[in-house]
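The values are calculated or read from the model by the stated rules, or taken from the named source; none is laboratory data. Predicted model, so just to flag it, every value in this text is computed and none were measured. Every residue, glycine as well, gets a Cβ built from its backbone with ideal geometry; the counts of neighbours run over all protein chains shown.
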Amino acid sequence: MPHDGNDHDEGSALPDIELRVRTLESLLVEKGYVDPEALDVLIETYEDNVGPRNGAKVVARAWVDPDYRALLFENAGEALAQFGFGGRQGEHMMALENTPETHNMVVCTLCSCYPWPVLGLPPVWYKSPPYRAKAVIDPRGVLQDFGVTLPENTGIKVWDSTSEMRFLVIPMRPDGTEGWDEARLAALVTRDSMIGTGLPLKPNEVSP
Ligand code: FE
């Protein structure tokens with residue numbers, strides 16, 4: 001599948017664009033228009049907070065509402081639209097269901113295709129060649145790198161995102177969360193659990 005659709009942010013022109021962005025950034029910093037630390041905070045906010053919080057709301061609803069869950073796996077675009085999540089880098093979405101038998105992991109082997117509307121900006125490691133290569137060859141090893149060990153009999157499915165199809169992993173609902181409302185459940189949903197390189201937090205891992 002192509003990774004160079006016209007809405008796509010990377011490709012063969014990347015080094016040139018990267019160079020221009022860096023030049024622009026250093027000029028702005030040099031002239032005192034922007035503070036590099038403020039830029040870092042801004043980027044981190046989108047990588048770690050704003051974006052993934054959207055996906056977490058979707059996962060939490062899928063955990064409590066069977067009709068929503070069914071729609072999510074049947075027509076993810078429609079299910080996400082109920083939250084108003086859509087648009088650039090999220091046009092063609094598919095939700096992947098983690099079960100005791102199957103764990104899903106998402107990678108973009110060619111560049112960095114990623115579902116922006118639900119997860120925000122991709123983390124640096126997602127774009128790195130080592131992750132992109134190892135996810136395909138040794139997904140269990142990748143999970144180990146992230147501190148996750150799955151049962152031996154859980155199979156791992158790796159999905160290669162492209163500009164035509166992007167994925168959101170729906171992790172399994174943690175035990176001990178019976179009766180929790182969506183907001184409380186969403187706080188358990190980590191960014192990495194929706195990429196498939198992590199698991200949701202357990203109830204005892206969040207502050208009450
Ligand atoms: Fe890509």
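Some observations on this one:
- Residue within the stretch 94-110 that is within 17 Å of the chain's Cα centre (by Cα), among the small types (Gly, Ala, Ser) and either surrounded by 14 or more Cβ atoms within 10 Å (Cβ to Cβ) or more than 16 Å from the ligand (Cβ to nearest atom) (or both) present: yes
- Taking the criterion of being modelled with pLDDT of 95 or more and touching an Asp or Glu at 6+ places or on another chain (Cβ under 8 Å), the residues of the stretch 142-165 that qualify are Phe146, Asn153, Thr154, Gly155.
- Inter-residue pairs, beta-carbon under 9 Å, first farther than 10 Å from Thr162 by Cα and among the aromatic types (Phe, Trp, Tyr) and in the stretch 111-125, second within 14 Å of the ligand (Cβ to nearest atom) and modelled with pLDDT of 90 or more, 6+ apart: Trp116/Pro122; Trp116/Arg166; Trp125/Tyr131
- Qualifying residue in the stretch 134-157 (condition: under 29 Å from Glu91 (Cβ atoms), part of a helix (DSSP H, G or I) and within 14 Å of the ligand (Cβ to nearest atom)): yes
- Filtering the stretch 113-124 for residues that are more than 17 Å from Pro52 (Cβ to Cβ) and either out of contact with any Ser or Thr (no Cβ under 8 Å at 6 or more places or on another chain) or surrounded by fewer than 15 Cβ atoms within 10 Å (Cβ to Cβ) (or both) leaves an empty set.
- Qualifying residue in the stretch 18-32 (condition: within 16 Å of the ligand (Cβ to nearest atom) and either farther than 30 Å from Lys157 by Cα or at pLDDT 90 or above (or both)): yes
- When Arg140, Arg88, Arg69 are screened for being surrounded by fewer than 23 Cβ atoms within 10 Å (Cβ to Cβ), farther than 24 Å from Pro174 by Cβ and not small (Gly, Ala, Ser), only Arg88 passes.
- Unmet criterion (only one of (1) assigned to a helix (DSSP H, G or I); (2) closer than 16 Å to Val189 by Cα; (3) in contact with a Pro (Cβ under 8 Å, 6 or more places away or on another chain)) for Pro52: (3)
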